[in-house]
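These notes concern the structure reproduced below.
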Amino acid sequence: MSRVVILALVVCASGRAGDTPPASPAPPPARVLAAPEFPDEYTERYSKEGKLMTDAGEAEYQDMLAVHGNVNLTLRRFRVPAKVWELKSTKQMLDDAKQNMLAGDPTMKLRSERDFVIDGFPGRSFVFTIEEGKSLFRMDYFLMKPDLFIYGCVGEPADLERPEVRAFFASIKTMEPPPEEANPPAEPASTSAPPAHP
């Protein structure tokens, strides 16, 4: 599967906002995502960032891709629009992600899914079959408001059992934010009037 197709499939993860605001659980303590652990032997690296237009408004994203042979490891950071957080529960977001993936490619079949929680933050791991079962696509969705992180791997069935691939997915961890992120400095008060517009 080409790198373009991988990123196109990941883009399908943005769901539509619902109509009824669900009850929201108590937010977990302030944490940030730990750095992903891409294997050293995956030396072919790519990155991309930009903005996507979703049904809930514009959203920023950053992609990282590492390639070794026919195996692709991806990580997308997707800034979920605030409207989605207001209107959907995390379960609804993850359910919609699955439906969007299946709707985006009629040849894709869901092989397995499981929920997980890391430090109070919810996630769900999906494994899809693609190309008539010749390849598997694992995607682990991890929600840390305001972001959705999507860890992905495309390869043959045996590739998902490689030690470095298993280690990549096991690297989904959180950490305490650095002091500058935990306590950002206050912006100084403006001492001059804003420039006049013509």
Name all residues of the stretch 131-167 having a backbone nitrogen under 14 Å from the label point set 7 Å from the Cα of ASP105 along its Cα→Cβ direction, giving them as ranges.
131-140, 152-157
Which of the lysines could a cross-linker span from LYS134 if the Cα-Cα distance has to be under 23 Å and same-chain partners fewer than 8 positions apart are dropped?
LYS98, LYS109
Relative to the present Cα-Cα distance, how much length would full extension add between ALA34 and MET53 at 0.36 nm per residue of separation?
4.1 nm
Please list, or write none, the aspartates and glutamates whose alpha carbon is within less than 13 Å of the alpha carbon of LYS173, excluding same-chain residues fewer than 8 places away.
GLU37, ASP119, ASP140
Name all residues of the stretch 136-157 having a backbone nitrogen under 17 Å from the label point set 7 Å from the Cα of GLU60 along its Cα→Cβ direction, giving them as ranges.
144-150
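The numbers here are math on the coordinates, done by the rules we state, and not lab data. All figures in this text were calculated on a predicted structure; none of them were measured in a lab. No Cβ is skipped: glycine too gets one built from the backbone with ideal geometry, and neighbour counts run over all protein chains shown.
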